[in-house]
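Below is one structure; the comments refer to it alone.
The values are calculated or read from the model by the stated rules, or taken from the named source; none is laboratory data. Everything numeric in this text was worked out from a predicted model, so none of it was measured. Counting neighbours? That spans all protein chains shown, and the Cβs are built from the backbone with ideal geometry, glycine included. For accessibility, only protein heavy atoms count, side chains too; no ligands or nucleic acids. Shrake-Rupley method; radii C 1.70, N 1.55, O 1.52, S 1.80 Å.
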Amino acid sequence: LKRRDFLKAIGIGGVGTGAGFMFGKATKPPGASLIPYLVPPEDIIPGVGAWYSSLCTQCSAGCGTIVKVMEGRAKKIEGNPLHPVNKGKLCARGHASLQALYNPDRIKGPLKRSGQRGDENFVEISWDEGLSILSQKLSGLAKTGDADKLYMLSTPLRGHLNTLAKGFLNAYGSNNLLHYELFEEKNLRFANHLSMGLNSIPHYDIENTKYLLSFGADFSIHGPSPVNHSYGYGQMRQGQGGVRGKLVQVEPRMSLTGANADEWIPAKPGTEAVFALSLAHVVLEEGFYKGADAGSWKSLLEEFTPKNAAAITDVSEERIHHIAHEFASARPSLAIGGDNLSSYENGLSGHVAVNILNYLAGNIGIKGGVLPNPEETFNGPVKADFADRLTALTSAARASKVKMLIVHNTNPVFATPGDLKTAQALNKVPFIVSTSSFMDETTAMADLILPTHTSLEDWGDDFAEPSVGYGVSTLMQPAVTPVFNTKSLGDIMLSAASSLGGRVRDRLPWQTFGDFLKESWRNIHRNSKEMKAKAAGFDEFWGNLLKDGGWWESDRNVKSPATISAARVKPAVSEKPSQFEGNEKDFPYYLIVYPQAGHHDGRGANLPWLQELPDPMTSVVWGSWVEMNPKTAKGLGLKEGDMVAVKSPYGEIAAPLYLYPAIRPDTIGLPIGQGHKSYGRYAKNRGANPLGILPFKEDKRSGALALNSTRVSVSRSGKAGKLVKMEASTSEHGRGIIKTISPEEFKKLKKEVI
Ligand code: SF4
């Protein structure tokens, strides 16, 4: 190859790639690709990036993003500085979502199953064929009167995609639109409804509080709004009015948030609700609460004396008095409950207890406390439509009442307790369509795969829940043309509606999801005085939406403080700690599972940046581990790195041991996220999935899963495995690298120096 030919080939190849992304095809004849850069499209200036506002869909917080695009390629994602939820910040998962777009394991076009279910054998088909199979199956069901046996299971959808999905199923004749995610805040949502009648998650105003008491809320990386809460925490620690806010964390296994706390209280697993109610008891007894209904609260909380609670929770009476006193004295203070509290069998009671504590301390409806969010926003009720349950699908499937299932961006075969036997249930469904862009465990069971765009390639919108005390919407726009041969879910539904004809086509007449979205916003604008005051014409308003990334109200719209009555919450108040499966003799340890930073419910495991991201507490990368207190390990003759078997009454997994001093000696910690059997080269056959050894327990009222509800045993395993961690040692080896000093010594020293 001559030098001149080589340079020609490189030049053509480079431009071809960029131009391909702009024009929607990965491969182009070299000549056709060269011309646009001599006369580039008007939105491309070679070498200069353009920023598009969009939405992060990696979790349900609804953070606004801006995406840097150069020559048709997305290069970087940042937080939208105008966005009220995340204020220009983004978590690691938001940043890493760029790797979903260019992931080499993306499904590159429609596929039809050619082998056994689950063995990942598929053949490529065209979109025409894929859409035709979909509409034939749908017509077939409708003709036999089985339209109501169509189910759709999706990640929790909000905004107009949810409206369209509901409209499609409804017009077709099915009410079976279900949403599933492992961490869905069901207990938090239900407890707020039960206690205060709220229909949406309130805003926890961490930013303006002076004293934050967190019950298992690892809000730095998880929960309903991690970036907003982390931002608030940063502001709180910098001090309001010269006072630095204090954080107290209650949890048996120290989380990242716990590691940042001033005090860590390792209450016995499952007793946090009792601990919270004992604090409420002290708040009442010491006269901090002056309400006319004090008598009814006293009788409800009579049994929760510090003495009784100390015997149950393993927290001393003195400490209970001390924390209660501090909490009620600090103005404003705030109690919050998180995933760890939610994940017990009595998780709902735990969140109700947190609400009672906030109410008696006067924290509801005030700045720095709990601020109810508006329940109505521009496109109707804010309340997320997630009261549905996965068991509605698994039970119907087992009873052969599901003839066809469409699964969108949720992976229940991986992310459900093993005891639910989700794969077995889904195997009874005659026809499964997956719209995932990745070959995850549920998609591997599909008969037809119609892969959809990532958030960087698609239209969409979102109405944040929890919001920040006022309505916030976010617009998602395609920052790049599709990298592969994928489609929008909205377009797939509209295409199916058009093929089905009749009522379905009449109710969904739009050509594209983008058209539907724009028309919906035209109606919202038409009916809003505030929006019209900012931009009289819709075109100007739409242009602003695209530029700013969404629309948010300008004023806080705090409702009058909600009240809680003792009679209303009584059924959720119990002095019994949460129950754990397995007898203490055979299964000596409580098991606490938690979402691994970066991997969430397992969805982040296919992104190498997130695999490479050291866990903030253990520094482990690319694998699983078992957390055990060093004292417990010593008693068992185990050392760090040993492969151990963790066994529950429901199964067994193996992973290397990590010695973790910040966990109770009677408790074992396991991170969720690894252990995929499918899901691409970075995730497949890596680590262990602790969900596989969990019982299936669902709160009857809220539908929340009780993930922390079994005991386990730990023993040496014969399996091979390695602990890969970035830290060398947590010991200072006597060198005193970190000097510590008591407050008394400091005061003395200060006097001497000054
Ligand atoms: S918290 Fe992180 S993952 Fe969730 S929406 Fe915000 S940036 Fe995305």
Could you order CYS56, CYS91 so the one with the most accessible surface comes first? Probe is 1.4 Å. CYS91, CYS56
Sorted largest first, extent of the stretch 648-754 alpha carbons per principal axis (Å): 63, 41, 29
Let me see the pair-distance distribution of the stretch 588-701: every alpha carbon pair, 5 Å bin width, integer percents in order. 2, 12, 22, 23, 20, 12, 7, 2, 0
Local electrostatic count, ALA415, Cβ distance below 10 Å [Lys/Arg +1, Asp/Glu -1]: -3
Computed P(r) (all Cα pairs; the stretch 211-305; 10 Å bins; percent): 15, 36, 31, 18, 0
Taking only the alpha-carbon atoms of the chain, what semi-axes of the equivalent ellipsoid follow from 5 times the gyration tensor eigenvalues under a square root, in whole Å, largest first? 43, 31, 29
Exposure of TYR231 as accessible area (Å², to 10), given a probe of 1.4 Å and all protein chains: 60 Å²
Rounded to a whole number, what % of the accessible area of the chain do carbon and sulfur atoms account for, probe 1.4 Å? 53 percent
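Provide the net charge surrounding HIS322, with neighbours chosen by a C-beta distance below 13 Å and charges set as Lys +1, Arg +1, Asp -1, Glu -1.
Once positives and negatives cancel, what remains is -4.
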Percent antiparallel among DSSP beta bridges (both partners in the chain, rounded to 5): 55 percent
May I ask you to give the average projected area over all directions of the convex hull of the Cα atoms of the stretch 681-741, in nm² rounded to one decimal? 9.8 nm²
Heavy-atom accessible area with a 1.4 angstrom probe orders VAL370, VAL48, most exposed first, as VAL48, VAL370
Heavy atoms of PHE288 accessible to a 1.4 Å probe, total area in Å² rounded to 10: 70 Å²
In whole percent, what relative contact order does the stretch 603-748 give with Cα contacts below 8 Å and a gap of six or more residues? 28 percent
Checking the a/c ratio against 1.5 first, then a/b against b/c, what shape does the Cα gyration tensor give for the stretch 275-349? rounded
For the stretch 204-298, run through the GluC sites (Glu not before Pro) and keep only the ones in DSSP coil with at most 13 other Cβ atoms within 10 Å of their Cβ. GLU286
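Computed FRET efficiency, Cβ-Cβ of SER729 and GLN579, R0 35 Å: what is it to the nearest 0.05?
Once rounded, the FRET efficiency stands at 0.35.
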Taking amide hydrogens as modeled 1.01 Å from N in the peptide plane, which residues meet the under 5 Å criterion relative to ARG117, leaving out close sequence neighbours? none
Whole-Hz Karplus couplings 3J(HN,Hα) for the stretch 233-247, θ = phi - 60° and coefficients 6.51, -1.76, 1.60, Gly and Pro as x, run 4, x, 5, 4, 6, 6, x, 10, x, x, 10, 7, x, 9, 10
Given H placed 1.01 Å from N in the peptide plane, which residues other than close sequence neighbours of TYR682 have an amide H under 5 Å from its amide H? none
Share of Cα-Cα pairs in the stretch 326-455 beyond 25 Å, whole percent, is 51 percent
Cross-link reach from LYS750 to lysines, straight Cα distance under 20 Å and at least 8 residues apart if same chain, gives LYS739
List the residues, sorted by chain then number, that are 5 or more residues from LYS76 or on another chain and whose placed amide H is less than 5 Å from its amide H. LYS68
Quote to one decimal, in nm, the extra length available between GLU302 and LYS367 on full extension: 0.36 nm per residue of separation minus the C-alpha distance between them. 20.4 nm
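Past 18 Å, Cα to Cα: identify those pairs from LYS268/LYS570; LYS639/LYS725; LYS149/LYS428; LYS108/LYS487, in the order given.
Where the Cα-Cα span goes over 18 Å, the pairs concerned are LYS268/LYS570.
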Suppose a student asked you for the relative contact order of the chain, using Cα pairs under 8 Å spaced at least 6 residues apart; what percent would you report? 16 percent
Ignoring everything but the protein chains, give the 1.4 Å probe accessible area of SER97 in square angstrom, nearest 10. 20 Å²
Two-decimal Rg to Rh for the stretch 200-246 - Kirkwood Rh, Cα set: 0.96
Let me check against my output: what whole-number percent is the relative contact order of the stretch 407-514, with C-alpha pairs under 8 Å and at least 6 apart? 19 percent
Residue-normalised 222 nm signal for the chain, counting each DSSP H run of n ≥ 4 as -39,500 (n - 2.57), nearest 500 deg cm²/dmol, is -9500 deg cm²/dmol
Mean accessible surface per residue for the stretch 467-547, computed with a 1.4 Å probe while every protein chain stays in place, in Å²: 44 Å²
Please give the net charge around ALA536, taking every other residue with its beta carbon less than 13 angstrom from that of ALA536, where Lys and Arg add +1 and Asp and Glu add -1. +1
